[in-house]
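Q: Can you keep this structure in mind? I'll have questions shortly.
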Amino acid sequence: MKNKLQRYFPIIRTRKEILNELRDNDELWSQFESWEEENQEEYLDICTGVKGVKVLYDTFFKAVMNPDTRPERLNDFLSTVLGRTVKILKVLPNESARIAAESSLLVMDIVVQFEDGSIANVEVQKIGYLFPGERSACYSADMLLRQYKRVRRELGKKIHYRDIKKVYTIVLFEKSNSVFKSFSKDIYIHRFQQQSDSGIELNLLQEYTFICLDIFDNIIHNEGRKIDGRLEEWLVFLKEDDPDMIIKLLEQNSEFRDIYEEIYNICRNSERMMGMFSKELEILDRNTVKLMIDELDEALGEEREKVKAIKQERETLKAEMQEAKAEKESLEAEMQEAKAEKESLKAEMEAERKRAEEAEKELIRLRAELEKLRK
C-alpha cells in the first residue's frame, strides 16, 4: 500500500525494496547496521516518504539549494527573506572558523556575495545559542571587516567607504531560545537594522533577520491555518517533514514539486543517500558532544558563580563577625569600666555611711555631755 507521498512521487521506493538493496551490498549493509536503531528507522522513513527530508541540514540543503548549481532557488528564498530582489554572484569561504568553533549544533552555515557586492551569512542553529544578539553582532562585524580588507586589497589607495556594501546576517533556529519565546509565541520572524532617534538616515551597513522555526511550526499547524505567502511556503519546504504539510504545500504551489522530485531521486541512490545521512549523523554526534561540553561549561560557570557568591557571603559574614566581636569587646570594656565605677561608688557610699555613723555617735555623745552641764 502506497503512503501519502508515494501517491505524489511514484519513484519513492518501499521499505522492502530499500532493505533488499542494502542487504545485497555488503558495504552499505555494514554501514546501515552500524547505525543506532533509531537512526536506521529515520533513514528508512525518509527514503520511503513516511516523513520528509530535513532540507535545512547542511548536506541536504546543499544538494537541492546549491548556489553554484541552482542559484535561482537560494536567490528566491533570500529575496523573500530580505524583502528585495537579490542575485548571488558567488559563494565565499567561511573564514570565521574561530567564531564558528564556539558554536554548538550549527547544522548549516553559508556565506554568499550578491551582485551588488553585499554579503549574506545564512546559518541554521539546531538549538539557539545564548546571547544571540551579541553573537550575531560579532559575526556580522567580522564579515564586514573581512569585506573591507578584501576591497582594500582589490582597490588599494582608490578605496572609498562607499565601496563597502551591506552585510546581512540571517539566522534560522530549529529550536529558539527563551529570548524569542518569552517575547511572543505568535511572531516567528524578527528583523533588525540600525536607525537614529532623530530621523536622519545613514547607511550603517549591518542588518539582521532571525527566524524561529519552532514558533512557525506551532503557528502553521493550527487547524485551518493556511500557508500565507511566499516566505511561509519556503519555510514549510525547509522546515516541515510532516507529509500532510508537504502535500499542503504542493497543492498550494506546484513549483516545489520539482525540488521534492530531486530529493526523492537522491533517495533512490542508496550510496549517495547513505553518505549524506552518515555525514549528518557525524555532524550531529560531534555537535552533540560540543553541546554537552558547552552545557557543562555553562553549569561549571554557574557553580563558580555560586562558589564566588558563597565566598563573598562568607567574607561578609566574617567581616560582620569581626565587627560584632569588636563591638562585644567594646561593650565588655564598657561593662568593666561601669563595674569599676560601681565598685568605686559603692566604696564611697560605704565610707560616707561610716562617716555618717561616726557623726551620729559624736552627736549623741555631745548631747549627753550637754545634758550633764544643764543639771
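The values are calculated or read from the model by the stated rules, or taken from the named source; none is laboratory data. All figures in this text were calculated on a predicted structure; none of them were measured in a lab. So basically every Cβ, Gly included, is an ideal-geometry build from the backbone, and we count neighbours across all protein chains shown. Keep in mind that these areas ignore ligands, DNA and RNA; they rest on the heavy atoms of the full protein, side chains included. Shrake-Rupley method; radii C 1.70, N 1.55, O 1.52, S 1.80 Å.
Q: What pairs come out if I take residues in region 163-178 that are closer than 30 Å to Val151 by Cα and pair them with residues that are assigned to a loop (DSSP other than H, G, I, E, B) and open to solvent by 10 Å² or more (accessible area, probe 1.4 Å) whose C-beta lies under 8 Å away, six or more apart or interchain?
A: Asp163/Gly117; Ile164/Leu205; Lys165/Asp116; Lys165/Gly117; Lys165/Leu205; Lys166/Asn203; Lys166/Leu205; Val167/Leu205
Q: Follow-up question, since we're still on this one. Quick one: in region 308-351, of everything that is among the polar types (S, T, N, Q) and under 60 Å from the mean Cα position of the chain (by Cα), which residue is least open to solvent (accessible area, probe 1.4 Å)? Walk me through it before giving the result.
A: Keep residues of region 308-351 that are among the polar types (S, T, N, Q), which gives 312, 316, 322, 330, 336, 344.
With under 60 Å from the mean Cα position of the chain (by Cα) added as a condition, the list becomes 312, 316, 322, 330.
On the way: Gln312: 107, Thr316: 72, Gln322: 109, Ser330: 56 Å².
This residue is Ser330.
Q: Quick check on my filter: what residues within region 1-30 are of a type outside the set (S, T, N, Q), part of a helix (DSSP H, G or I) and free of Cβ contacts under 8 Å to residues at least 24 places away in the same chain? Break it down into steps so the answer makes sense when it comes.
A: Pass one, region 1-30, residues of a type outside the set (S, T, N, Q): 1-2, 4-5, 7-13, 15-19, 21-24, 26-29.
Checking the rest, the ones that are also part of a helix (DSSP H, G or I) come to 4-5, 7-8, 15-19, 21-23, 26-29.
Result: Arg7, Lys16, Glu17, Arg23, Asp26, Glu27, Trp29.
Q: Further question: Exactly one condition in (1) over 28 Å from Gln113 (Cβ atoms); (2) more than 19 Å from the chain's Cα centre (by Cα); (3) in contact (Cβ under 8 Å) with a residue 40 or more places away in the chain is false for Asp214; which is it?
A: With (1) over 28 Å from Gln113 (Cβ atoms); (2) more than 19 Å from the chain's Cα centre (by Cα); (3) in contact (Cβ under 8 Å) with a residue 40 or more places away in the chain applied to Asp214, the lone miss is (2).
Q: Right, another one. Being modelled with pLDDT of 80 or more and of a type in the set (Asp, Glu) is the filter here, so list the residues in region 293-324 that pass it.
A: Matches in region 293-324: Glu313, Glu315, Glu320, Glu323.
Q: Tell me, which residue of region 31-59 that is polar (S, T, N, Q) and touching a residue at least 24 places away in the same chain (Cβ under 8 Å) is farthest from Leu213 (Cα to Cα)? Write out each step before concluding.
A: Narrowing region 31-59 to residues polar (S, T, N, Q): 31, 34, 39-40, 48, 59.
Now narrow it down to the ones that are touching a residue at least 24 places away in the same chain (Cβ under 8 Å): 31, 39, 48, 59.
Working: Gln31: 32, Asn39: 23, Thr48: 25, Thr59: 19 Å.
Of everything passing the filter in region 31-59, Gln31 is farthest from Leu213 (Cα to Cα).
Q: I'd like to check something: does region 266-283 contain any residue that is under 31 Å from the mean Cα position of the chain (by Cα), β-branched (Val, Ile, Thr), at pLDDT below 90 and farther than 21 Å from Ile11 by Cβ?
A: Checked against the condition, which is being under 31 Å from the mean Cα position of the chain (by Cα), β-branched (Val, Ile, Thr), at pLDDT below 90 and farther than 21 Å from Ile11 by Cβ, region 266-283 yields at least one hit.
Q: Scan region 1-24 residue by residue and report those that are open to solvent by less than 60 Å² (accessible area, probe 1.4 Å) and farther than 22 Å from Leu250 by Cβ.
A: Ile18, Leu19, Leu22 - these are the residues of region 1-24 that are open to solvent by less than 60 Å² (accessible area, probe 1.4 Å) and farther than 22 Å from Leu250 by Cβ.
Q: List the residue pairs whose Cβ atoms are under 6 Å apart, where the first residue sits in region 319-339 and is at negative phi, the second is open to solvent by 100 Å² or more (accessible area, probe 1.4 Å), and the two are 6 or more positions apart or on different chains.
A: none
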